[in-house]
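Below you'll find the structure, written out as structure tokens, and then a few comments.
The values are calculated or read from the model by the stated rules, or taken from the named source; none is laboratory data. As the structure is a computational prediction, the values presented were derived from the model and not from experiment. As a convention, Cβ positions derive from the backbone with ideal geometry for all residues, glycine included, and neighbour counts pool all protein chains shown. With ligands, DNA and RNA removed, areas are computed over all heavy atoms of the protein, side chains included. Shrake-Rupley method; radii C 1.70, N 1.55, O 1.52, S 1.80 Å.
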Amino acid sequence: MFAGDQNGLQGDPRLKAISEAIRVVPHFPKPGIMFQDITTLLLDHKAFKDTVDIFVDRYRDMAISVVAGVEARGFMFGPSIALAIGAKFVPLRKPRKLPGEVISEAYVLEYGTDCLEMHVGAVQPGERALVIDDLVATGGTLSAAIRLLERVGAEVVECACVVGLREVKGHHRLNGKPLYILVEPRQQTNCSAPSGIISSL
């Protein structure tokens, strides 16, 4: 689901401002990739606040007790959302970054494999969780986050991303979980069509 498709957010100028605040870097980190750089969104106080506010408005009354942020860009939005809705923030980290006992979930990327880890005991059975990241393309990382949370008995309510491809909404349901996206990735003017998108710091 795209925020702009919702009643109440159709034509919302905040969404246009959020999209325009994200810098597009063509052919990075390799030819054909349109890099969606959210660091410029973080530099824009109003656009950054509007991003968080839209998520908070959506999740405030969903009885969510866990906001799980995917490393690393999920850490930039997740804590603010968690504080505003009265939930705890749980980081889902890359291997060997957490000091305590962890559980792990591997997943496949377009360019290899990776793994997410979470501290044992961070999430309790029956807790309602939101998964947050900056961008979704194939959905592999979000799917791994869902599996990780469900293995400890959490109920994943929804996944949320700032940027996402429209075809993800229609063809990849993330283990049956809904997906909420604010804006579609932009393309650089006067640049040939990309073969894919990626976002990173």
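Quick one: would you say residue 199 is open to solvent by less than 40 Å² (accessible area, probe 1.4 Å) and at pLDDT below 95? Against the criterion (open to solvent by less than 40 Å² (accessible area, probe 1.4 Å) and at pLDDT below 95), residue 199 qualifies. List the number of the failed condition for residue 133; all other conditions in (1) surrounded by fewer than 22 Cβ atoms within 10 Å (Cβ to Cβ); (2) of a type outside the set (Gly, Ala, Ser); (3) touching a residue at least 40 places away in the same chain (Cβ under 8 Å); (4) within 19 Å of residue 180 (Cα to Cα) hold. Here residue 133 meets the rest and fails (1).
This table checks each residue for (1) among the small types (Gly, Ala, Ser); (2) modelled with pLDDT under 85; (3) in contact with a Phe, Trp or Tyr (Cβ under 9 Å, 6 or more places away or on another chain); (4) within 18 Å of residue 105 (Cβ to Cβ).
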| position | (1), (2), (3), (4) |
| --- | --- |
| 139 | yes, no, no, yes |
| 143 | yes, no, yes, yes |
| 153 | yes, no, no, yes |
| 157 | no, no, yes, no |
| 162 | no, no, yes, no |
| 175 | no, yes, no, yes |
| 178 | no, no, no, no |
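Scan segment 51-66 and tell me whether some residue there is closer than 20 Å to residue 185 by Cβ and open to solvent by 60 Å² or more (accessible area, probe 1.4 Å). The answer is no; no qualifying residue exists. Candidates 4, 78, 86: the one that is surrounded by 15 or more Cβ atoms within 10 Å (Cβ to Cβ), more than 15 Å from the chain's Cα centre (by Cα) and among the small types (Gly, Ala, Ser) is 4. Scan segment 29-71 for residues that are of a type in the set (D, E, K, R) and free of Cβ contacts under 8 Å to residues at least 40 places away in the same chain and jot them down. Within segment 29-71, 30, 44, 46, 49, 50, 53, 57, 60, 61 qualify. Give the residues of segment 13-68 that are assigned to a loop (DSSP other than H, G, I, E, B), more than 17 Å from residue 85 (Cβ to Cβ) and more than 18 Å from the chain's Cα centre (by Cα), sorted by residue number. Matches in segment 13-68: 27, 28, 29, 30, 31, 32, 44.
Taken over segment 94-122, the criterion of being within 16 Å of residue 142 (Cβ to Cβ) and either of a type in the set (A, V, I, L, M) or open to solvent by 60 Å² or more (accessible area, probe 1.4 Å) (or both) is satisfied by 106, 108, 109, 110, 113, 116, 118. If you go through segment 136-153 and keep only what is open to solvent by 10 Å² or more (accessible area, probe 1.4 Å), closer than 15 Å to residue 67 by Cα and aliphatic (A, V, I, L, M), you end up with just 152.
One residue stands out among those in segment 30-50 that are open to solvent by 10 Å² or more (accessible area, probe 1.4 Å) and of a type in the set (A, V, I, L, M): the one that is farthest from residue 130 (Cα to Cα), which is 33. Take the conditions (1) at pLDDT 95 or above; (2) out of contact with any Phe, Trp or Tyr (no Cβ under 8 Å at 6 or more places or on another chain); (3) not small (Gly, Ala, Ser); residue 79 misses just one of them, which is (2).
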